[in-house]
1. Which of Ile61, Met86, Ala20 sits closest to the plus end of the dipole of the chain, meaning its Cα is farthest towards the positive end, when Lys and Arg get +1 and Asp and Glu get -1 on the C-beta?
2. Using a 1.4 Å probe on the protein heavy atoms, what percent of the accessible area of region 24-118 belongs to carbon and sulfur?
3. Which angle between 0 and 90 degrees, to the nearest 10, do you get for helix 44-57 versus the longest principal axis of the chain when only C-alpha atoms count?
4. Please give, to one decimal in nm, the separation of the simple spin-label points placed at Arg212 and Glu150, each 7 Å out from Cα toward the Cβ.
5. Helix 187-196 versus the longest principal axis of the chain: what is the Cα-based angle in degrees, 0 to 90, to the nearest 10?
6. Name the long-range amide H neighbours of Tyr34: under 5 Å, sequence gap of 5 or more, or other chain; modelled H, no Pro or chain starts.
7. Using alpha carbons only, how many degrees (0 to 90, rounded to 10) separate the axis of helix 16-26 from the longest principal axis of the chain?
8. Give me the 1.4 Å probe accessible area per residue for the chain, excluding ligands and nucleic acids, in Å².
Amino acid sequence: MSRTKLRHIVSLSGGKDSTALSIYLRDRIQDVEYVFSDTDKELPETYEYLDKLEAYLGQPIVRLKSEQGFDHWLKIYGGYLPSARMRWCTKMLKIRPFEQYIGEDEVNMYIGIRADENRGGYQPSKPNIHPIYPFVEAGYDLEDVHRILEESGISFPAYYSWLTRSGCYFCFYQQRHEWIGLKENHPDLFELAKSYEKPEAKDGLGYTWSERESLEALDDPARQAEIKQKLENRKQAVRSGDSKKLLHILGQDNDETDLLPCSFCHI
Ligand code: SF4
């Protein structure tokens, strides 16, 4: 049964932008709800960050989960790992639980896409969900997000030391240097991610997280040194101290830059 009152919901991903948005909206909108769709494959740092944010906001963050987890859906999808072209994980583990939670209620859904980003928003499959982009409306960019996070004392999630985006520990949107960061910070999770791959499968396609290199191949000190050197060279190119530019560059070494991560998981 639908409620008559319009609901206001901030969709959290455990990333910096949606976190900054929840802080920004806390005292601007009454009766706002904070919701996180938990894939059960998130990094421990994400859960810690959400706990910290929850304490700051002074109200619970609703944590949603698919009744069947990733491994169930992997079987349903024939063992094909999700990819930017076949992103069933977002649909089944993030969007579906969220839309079930909403039901038929009229909802203003607040999304943390910034004014300086060039990516499409969330396209709800239900007409009762109305996406709103407060940072775009306010003209807020990355610097504003930094300011909000620092002023609140929440700061950045700990995984930012090696990862530029929130999401599952095995997310296929990771850059090669970020996979190396996962190995260095969570060797157990790197091994788990590796255990999902089947690079020896006939066509190979769909059985490794990255189309071009398996984690087994990446798990080689010489290859890792090469990737780290490449990253260092790029950092040197922005030694001007422009951290905004650096963050932008670090997030742009994807082979598939035309396939930008969605706003549901990585914001
Ligand atoms: S974070 Fe990545 S792997 Fe996880 S649901 Fe989102 S797109 Fe899929």
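1. Highest projection toward the positive end goes to Met86.
2. On the way: 2110 of 4490 Å².
Looking at region 24-118 in its full context, I get 47 percent from C and S.
3. Once rounded, the angle reads 20 degrees.
4. Output for this residue pair reads 3.5 nm.
5. 80
6. Val10, Val62
7. 10
8. On the way: 12950 Å² over 267 residues.
Solvent-accessible surface per residue comes out at 48 Å².
The values are calculated or read from the model by the stated rules, or taken from the named source; none is laboratory data. Quantities reported herein were computed from a predicted structural model and do not represent experimental measurements. Cβ: placed from backbone, ideal geometry, glycine included. Neighbour counts: every protein chain shown. Areas reflect the complete protein model, heavy atoms only, side chains present, ligands, DNA and RNA absent. Shrake-Rupley method; radii C 1.70, N 1.55, O 1.52, S 1.80 Å.
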